[in-house]
Amino acid sequence: MAEFDPVRDWSEPTVLLSYDVAGAARSLSVRVAQLIFGRPDAGPDAPSPYIARPGVVWIGQSVLLMPGPVARELAEKLRGLGATVTTARVTIARTELEAFRRRRQRRSVPVSMLADVGRSREVLPR
(Lines give C-alpha, C1' and ligand atoms only; values in the text may rest on other atoms or scores of the structure.)
Protein backbone atom coordinates (compact mmCIF):
# COMPACT_ATOMS: atom_id res chain seq x y z
CA MET A 1 0.00 0.00 0.00
CA ALA A 2 1.28 3.47 -0.87
CA GLU A 3 2.18 5.83 1.94
CA PHE A 4 -0.38 8.53 2.77
CA ASP A 5 0.72 11.98 1.61
CA PRO A 6 -1.41 14.65 3.37
CA VAL A 7 -0.54 17.32 0.82
CA ARG A 8 -1.38 15.22 -2.25
CA ASP A 9 -4.18 13.06 -0.83
CA TRP A 10 -6.56 15.71 0.53
CA SER A 11 -9.05 17.47 -1.70
CA GLU A 12 -9.70 21.17 -1.75
CA PRO A 13 -12.16 22.33 0.91
CA THR A 14 -15.61 21.36 -0.19
CA VAL A 15 -19.12 22.13 1.03
CA LEU A 16 -21.55 19.60 2.40
CA LEU A 17 -25.08 20.82 1.59
CA SER A 18 -28.23 19.39 3.12
CA TYR A 19 -31.72 20.55 2.20
CA ASP A 20 -35.21 19.85 3.47
CA VAL A 21 -38.68 20.48 2.13
CA ALA A 22 -41.84 20.11 4.21
CA GLY A 23 -43.63 16.86 3.34
CA ALA A 24 -46.88 18.68 2.63
CA ALA A 25 -45.22 20.99 0.09
CA ARG A 26 -45.44 18.62 -2.88
CA SER A 27 -45.06 21.23 -5.61
CA LEU A 28 -41.99 22.63 -3.84
CA SER A 29 -40.54 19.10 -3.60
CA VAL A 30 -40.97 18.67 -7.34
CA ARG A 31 -39.32 22.03 -8.14
CA VAL A 32 -36.38 21.22 -5.85
CA ALA A 33 -35.93 17.77 -7.44
CA GLN A 34 -36.02 19.30 -10.92
CA LEU A 35 -33.42 21.89 -9.95
CA ILE A 36 -31.04 19.27 -8.56
CA PHE A 37 -31.70 16.23 -10.78
CA GLY A 38 -33.07 17.87 -13.93
CA ARG A 39 -36.24 17.28 -15.90
CA PRO A 40 -36.82 14.41 -18.31
CA ASP A 41 -38.37 16.86 -20.81
CA ALA A 42 -35.66 19.54 -20.52
CA GLY A 43 -34.42 20.82 -23.83
CA PRO A 44 -30.78 21.09 -24.89
CA ASP A 45 -30.66 24.75 -23.82
CA ALA A 46 -31.86 24.01 -20.28
CA PRO A 47 -29.33 24.64 -17.50
CA SER A 48 -27.36 21.61 -16.38
CA PRO A 49 -28.87 19.96 -13.29
CA TYR A 50 -26.71 20.43 -10.21
CA ILE A 51 -26.10 16.70 -9.85
CA ALA A 52 -24.39 16.71 -13.28
CA ARG A 53 -22.08 19.66 -12.57
CA PRO A 54 -18.33 19.15 -12.11
CA GLY A 55 -17.32 18.31 -8.56
CA VAL A 56 -20.84 17.55 -7.32
CA VAL A 57 -21.25 14.25 -5.48
CA TRP A 58 -24.59 12.93 -4.27
CA ILE A 59 -24.01 11.52 -0.78
CA GLY A 60 -27.60 10.45 -0.15
CA GLN A 61 -31.14 11.69 0.23
CA SER A 62 -31.03 15.51 0.43
CA VAL A 63 -27.24 15.61 0.94
CA LEU A 64 -24.65 16.70 -1.64
CA LEU A 65 -20.94 17.43 -1.55
CA MET A 66 -19.80 20.16 -3.94
CA PRO A 67 -17.38 23.01 -4.61
CA GLY A 68 -18.04 26.16 -2.58
CA PRO A 69 -19.23 28.43 -5.42
CA VAL A 70 -21.70 25.80 -6.67
CA ALA A 71 -22.96 25.22 -3.12
CA ARG A 72 -23.54 28.93 -2.54
CA GLU A 73 -25.46 29.24 -5.81
CA LEU A 74 -27.62 26.17 -5.11
CA ALA A 75 -28.26 27.18 -1.49
CA GLU A 76 -29.46 30.61 -2.64
CA LYS A 77 -31.83 29.07 -5.19
CA LEU A 78 -33.17 26.48 -2.74
CA ARG A 79 -33.79 29.10 -0.05
CA GLY A 80 -35.50 31.27 -2.67
CA LEU A 81 -37.90 28.38 -3.31
CA GLY A 82 -38.59 28.03 0.43
CA ALA A 83 -36.42 25.01 1.28
CA THR A 84 -34.39 24.81 4.48
CA VAL A 85 -30.67 24.59 3.67
CA THR A 86 -27.69 23.81 5.89
CA THR A 87 -24.09 23.95 4.69
CA ALA A 88 -20.71 23.11 6.22
CA ARG A 89 -17.19 23.35 4.83
CA VAL A 90 -15.44 20.00 4.92
CA THR A 91 -12.17 18.52 3.75
CA ILE A 92 -12.11 14.90 2.67
CA ALA A 93 -9.36 12.61 1.43
CA ARG A 94 -9.51 12.08 -2.33
CA THR A 95 -9.70 8.31 -1.85
CA GLU A 96 -12.71 8.68 0.44
CA LEU A 97 -14.38 11.08 -1.98
CA GLU A 98 -13.86 8.60 -4.82
CA ALA A 99 -15.65 5.94 -2.76
CA PHE A 100 -18.76 8.14 -2.76
CA ARG A 101 -18.44 8.77 -6.50
CA ARG A 102 -18.18 5.04 -7.23
CA ARG A 103 -21.17 4.33 -5.00
CA ARG A 104 -23.23 6.92 -6.87
CA GLN A 105 -22.32 5.41 -10.23
CA ARG A 106 -23.68 2.06 -9.07
CA ARG A 107 -26.96 3.61 -7.90
CA SER A 108 -27.57 6.36 -10.41
CA VAL A 109 -30.91 8.14 -10.17
CA PRO A 110 -33.26 6.99 -12.91
CA VAL A 111 -35.03 9.82 -14.71
CA SER A 112 -38.33 8.08 -13.98
CA MET A 113 -37.72 8.79 -10.28
CA LEU A 114 -38.31 12.46 -11.00
CA ALA A 115 -41.78 11.74 -12.28
CA ASP A 116 -42.55 10.01 -8.97
CA VAL A 117 -41.58 12.97 -6.76
CA GLY A 118 -44.60 14.09 -4.82
CA ARG A 119 -46.69 10.99 -5.51
CA SER A 120 -47.78 8.90 -2.59
CA ARG A 121 -46.40 5.39 -2.60
CA GLU A 122 -47.72 2.19 -1.11
CA VAL A 123 -45.49 1.09 1.74
CA LEU A 124 -44.78 -2.62 1.60
CA PRO A 125 -44.10 -4.61 4.77
CA ARG A 126 -40.50 -5.73 5.27
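The table below gives the values:
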read-out	value
First in segment 76-97 and touching a residue at least 12 places away in the same chain (Cβ under 8 Å) and among the β-branched types (Val, Ile, Thr), second anywhere and surrounded by 12 or more Cβ atoms within 10 Å (Cβ to Cβ) and in a helix (DSSP H, G or I), Cβ under 7 Å, 6 or more apart	VAL85/ALA75; VAL85/LEU78; VAL85/ARG79; THR87/ALA71; THR87/ALA75; THR95/ASP9
Some residue of segment 27-45 being without any contact (Cβ under 8 Å) to a residue 60 or more places away in the chain, among the aliphatic types (A, V, I, L, M), part of a helix (DSSP H, G or I) and within 21 Å of THR91 (Cα to Cα)	no
Helices (runs of 4 or more DSSP H) (entirely within segment 49-118) containing at least 2 residues that are surrounded by fewer than 14 Cβ atoms within 10 Å (Cβ to Cβ) and modelled with pLDDT of 90 or more	68-81
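The values are calculated or read from the model by the stated rules, or taken from the named source; none is laboratory data. Source: prediction; values computed, not measured. Heads up, the Cβs are rebuilt from the backbone with ideal geometry, glycines too, and the neighbour counts pull from every protein chain shown.
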